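Input: a single structure, listed below in structure tokens.
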Amino acid sequence: MLPKAEAEQEGEQIPPELKTELEDIDEDVRAETVFGITDLDAVRRAREMKRRWDAAGYAPGALSPPWWPEAENKWVHAKGAEYIEAPQLFTTAAAAEEECRVLERSMPEAYLQLVDRYGEADASKAFDNTVPLRAVWTDRDSLLDSLEDSDFLCLMVDGVLKLRRMFIEELREQVKREQ
């Protein structure tokens with residue numbers, strides 16, 4: 001850590017490859033000293049696997065039951081006393097990425113609505129603290145686990161509204177056919 005701290009004090013920029021290497025060394029030292037892990041090759045393999053997952057957008061635990069707050073764009077039906085909110089899923093990367101682009105194009109309007117409602121300072125603070133949108137994917141088993149532990153009634157899958165219980169059964173049938 002010393003070279004990084006010295007470089008920051010002197011105002012120097014650490015090259016990205018050196019920064020990654022220093023972070024990896026720091027993780028190795030923590031794994032060994034804090035957690036008592038002596039198989040550092042296993043730690044390095046796991047770290048490399050995590051990097052590949054992140055690069056590919058794989059996120060097995062991305063959906064937090066019971067309401068999936070991470071699912072940014074939700075389909076909403078509101079008519080009188082009727083109100084249904086459903087997370088949206090896409091079965092292709094292209095469709096999910098297109099939805100991200102649609103959401104990103106609506107950001108300026110959303111920002112202006114927040115400014116009108118809460119003032120510029122609070123709106124700017126909210127947007128500055130927002131994680132950038134990205135399409136991620138998960139495997140069917142992780143999706144099934146998240147669905148089974150969730151409390152919402154339905155979800156939108158590729159533009160089709162489905163009851164959560166029916167979608168779970170549909171996925172289980174796919175698993176059976178593949179076995």
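The values are calculated or read from the model by the stated rules, or taken from the named source; none is laboratory data. None of these values were measured; they are calculated from a predicted model. Cβ coordinates were reconstructed from backbone atoms using ideal geometry, including for glycine residues, and neighbour counts include every protein chain displayed. Surface areas here come from the heavy atoms of the whole protein model, side chains and all, with no ligands, DNA or RNA. Shrake-Rupley method; radii C 1.70, N 1.55, O 1.52, S 1.80 Å.
Let's see if you can work this out: charge +1 on each Lys and Arg Cβ, -1 on each Asp and Glu Cβ, no other charges. What is the dipole magnitude of the stretch 79-140 about its Cα centre, in debye to the nearest 20?
100 debye
Which of the following values of semi-axes √(5λ) of the Cα gyration tensor in Å was calculated from the structure shown: (1) 29, 17, 15; (2) 26, 21, 13; (3) 37, 27, 14?
(3)
Along the charge dipole of the stretch 41-176, Cβ charges K/R +1 and D/E -1, which of GLY119, THR130, TYR83 sits furthest on the positive end?
THR130
What percent do you get for the relative contact order of the stretch 1-154 when only Cα pairs under 8 Å and 6+ apart count?
Here the relative contact order equals 26 percent.
Restricting to lysine pairs 8 or more places apart or on different chains, what number in the chain have Cα atoms under 19 Å apart?
Total qualifying Lys-Lys pairs in the chain comes to 4.
To the nearest 20 debye, what charge dipole does the chain have about its Cα centre, counting +1 at the Cβ of each Lys and Arg and -1 at the Cβ of each Asp and Glu?
For the chain, the charge dipole is close to 820 debye.
Enter the accessible area per residue of the stretch 103-179 (Å², integer; probe 1.4 Å; all protein chains in place).
Value for the stretch 103-179: 72 Å² per residue.
In the chain, what % of DSSP beta bridges are antiparallel (nearest 5)? Let's see the in-between values first.
Values: 10 of 13 bridges.
Around 75 percent of the beta bridges assigned by DSSP in the chain are antiparallel ones.
Per the 1.4 Å probe, what fraction of the accessible area of the stretch 30-89, in percent, lies on carbon and sulfur atoms? Mind showing how you got there, number by number?
Details: 2370 of 4210 Å².
Accessible surface attributable to carbon and sulfur in the stretch 30-89 totals 56 percent.
Summing -39500 (n - 2.57) over the DSSP H runs of n ≥ 4 in the chain and dividing by its residue number, what mean residue ellipticity at 222 nm do you reach, to the nearest 500 deg cm²/dmol?
My calculation for the chain gives -18000 deg cm²/dmol from helical runs alone.
Of the heavy-atom accessible surface of the stretch 97-164 (probe 1.4 angstrom), what whole percent is carbon and sulfur?
Heavy-atom surface of the stretch 97-164 belonging to carbon and sulfur, 1.4 Å probe: 53 percent.
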